[in-house]
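Since the structure comes first, as structure tokens, the remarks are kept for the end.
Every read-out reported here was derived from the displayed coordinates using simple, explicitly stated rules and does not represent laboratory data. Quick caveat, the model's predicted, so the values are computed rather than measured. Neighbour counts run over all protein chains shown; Cβ positions are idealised from the backbone, glycine included.
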Amino acid sequence: TKNFLKCFHSKTNLSVSNSSSDVIFTENSSSYTSVLQSSAQNLRFLTPSAPKPQLIITPLDKSHIQAAVICAKKNSINIRIRSGGHDYEGRSYVSNIPFIIVDLSKLRSIQVDMESKTAWVESGATLGELYHAIADQSKVYGFSAGTCPTIGVGGHLSGGGMGTLFRKYGLAADNIIDANMVDANGRVLDRKSMGEDLFWAIRGGGGASFGIIFAWKVQLVPVPSTVTVFTITKTLEQGAAQLLQKWQLVSNNFSENLFLRLVIAGADSAGGNKTIAVSFAAVFLGPTEQLLTTMEESFPELGVAQNDCSEMSWIESVLYVAGFSTSASYDVLLNRTNSNKSYFKGKSDYVKEPISENGLQGLWNILLQEQSGYMIWTPYGGKMDEISEYEIPFPHRSGNLYEIQYMITWEAEEETKEHVDWIRRLYGYTTPFVSQNPRSSYLNYRDLDLGINVNKHESYGQASVWGLKYFNSNFKRLAQIKAKVDPSNFFWYEQSIPLFSS
Ligand code: FDA
């Protein structure tokens, strides 16, 4: 790293002693550990034995990003790019080869332009900060992205981005209209200078294979002044299984104003036995009266009543879904750190045919074996059916009824094996019920079990084992673009796009 630092200093105007202390953190810096841990979400990758970066760079300006890329390339050092640190497999702050982190947390300005209904947002901003900045300007505009406010814009937008508005407006990545990045040669590019191929690749293909994207121009979307939410929980004894069967048949065709996802987990029944509880959690873009009519038409069995519903502004619904009190100030969205970090492992699937009653029964048996395991089922359809699977690299469009996220969290390192074994068992069980050839997964719920690049020379064919699962037939185009824009495979990581050679 000595040579890297020498190069970095010579390319930036930071003096070795003073001003660099805000930007460069070596293992000897007093705040090295706190900076490393700051946004890292998954405690699995912060254990004492987890590999640590030789350096952390927190750029204050794009010239620092350019210098980091040029000097890392010159010295053959692997870079991990971090925006919000929510990567499920810690790939933004852990690597199996010597590495440094370029952490964009200090590049987080947001400029909202209500005239054009667009915003420029830097990658280090969180979704909470973005939603907050929009709400400061307007209560009838929002942005279509994820539900956890501490997620970083950088990783989220470049990997997809799915939340309560996506059935009406598509993913976050569908709503990007320009971007600024530093490529593998250290050049600063915008949409025009990067060209439409590269601009296509960074909207859902995972930015870290192609460069460091430091800002995005996004399209804001209209939301009504009143939205309605409800959460209704039913156990098996209360008919959850029948409701779930019906939900599987109808949720894909729900009005695009309705986002009604399920959280499914083991629970204690009234009689003290173990049971399964299904939470039906909705955000509806409109008032209660309209929601009740919609529910009556499409899912009367759930029996939603007026007093199950609460009306609020869209920004309050962001708080509601994130688990905050809706009467609190939306300033809580400015809190960048998630206070309950844990060890976790997630996986995902897409479902094209409803799972049979028998199939569900087996699922309950496995879920009941774990206290802190759960599934989230998110309906697709609506706008997602209208966008071609080739429009951006994210391919999971028409034909998918819903997406399953499997999740398990735990509190102590020594429990890791048992919990990871459990979620793998659950995933093994669902094999016959979910998408096949390929069995599809969502990139933003990264899962290294699908396969990894063992080294820089992994072939397109080898990487297809996992690449087709995330990107389907878009994987080939991603690999062709990668070969063009990063032929030395500088931006390599365990699930970076390989180079396509014909
Ligand atoms: P992080 O900084 O870890 O980066 C993730 C990946 O992107 C890494 O490979 C990284 O190198 C790369 N990267 C980051 N910044 C980059 C940049 N500027 N340029 C190029 N590459 C960059 N998803 C969803 O769709 N909807 C949801 O509601 C949720 N909810 C949710 C809750 C919680 C608690 C977690 C932990 C995660 C989610 N997610 C999610 C998943 C989330 O979208 C996913 O982990 C994102 O990649 C996180 O982006 P960050 O910038 O925070 O992560």
Checklist entry - What's the angle, to the nearest 10 degrees (0 to 90), between helix 288-298's Cα axis and the longest principal axis of the chain? => result 70
Checklist entry - Taking neighbour counts of Cβ atoms within 10 Å as a proxy for exposure, in what order, fewest first, do ILE497, ILE100, ILE392 appear? => result ILE392, ILE100, ILE497
Next on the checklist: Give me the net charge for the shell around GLU494: Cβ to Cβ below 13 angstrom, other residues only, Lys and Arg +1, Asp and Glu -1.
Outcome noted: -1
Checklist entry - Against the longest principal axis of the chain, how steep is helix 416-430, in degrees 0 to 90 to the nearest 10, with axes from Cα atoms? => result 60
Checklist entry - Against the longest alpha carbon principal axis of the chain, how many degrees, from 0 to 90 and to the nearest 10, is the axis of helix 2-11 turned? => result 90
Next on the checklist: Can you tell me how the stretch 264-325 classifies by the Cα gyration tensor, rounded, prolate or oblate, using a/c under 1.5 as the rounded cut?
Outcome noted: oblate
Checklist entry - Which log10 I(q)/I(0) values, to two decimals, does the stretch 11-141 give at q = 0.09, 0.14 Å⁻¹ under the Debye formula with one point per Cα? => result -0.31, -0.69
Item to check | For the stretch 20-56 versus the stretch 126-181, the gap between their alpha-carbon centres in whole angstrom | outcome: 27
Item to check | Projected label distance in nm at SER473 and GLU289, using a 7 Å step from Cα toward the beta-carbon | outcome: 4.8
Item to check | Packing-based exposure ordering (other Cβ within 10 Å, fewest first) of SER251, SER20 | outcome: SER20, SER251
Item to check | VAL283, VAL465 arranged by Cβ crowding within 10 Å, fewest neighbours leading | outcome: VAL465, VAL283
Next on the checklist: Starting from the 7 Å offset along Cα-to-Cβ, what nm value, one decimal, do you get for the label separation of THR47 and GLU196?
Outcome noted: 4.8
Item to check | Fully extended contour minus Cα-Cα distance, from LEU249 to GLU357, at 0.36 nm per residue | outcome: 37.6 nm
Next on the checklist: Quick check: net charge around LYS352, other residues with Cβ under 14 Å of its Cβ, Lys/Arg +1 and Asp/Glu -1?
Outcome noted: -3
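Residue separation times 0.36 nm, minus the C-alpha to C-alpha distance between ASP449 and SER10: what's the value? Present the calculation step by step, with values, prior to reporting the outcome.
Numbers: separation 439, 0.36 × 439 = 158.04 nm, distance 4.14 nm.
Taking ASP449 through SER10 to full extension adds about 153.9 nm, to one decimal.
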Checklist entry - Which longest uninterrupted range of the chain lacks any GluC sites (Glu not before Pro) assigned by DSSP to a loop state (not H, G, I, E or B) and surrounded by at most 11 other Cβ atoms within 10 Å? => result 116-410
Checklist entry - Assuming R0 = 22 Å, what is the FRET efficiency of GLU296 and THR233, from their Cβ-Cβ distance, to the nearest 0.05? => result 0.60
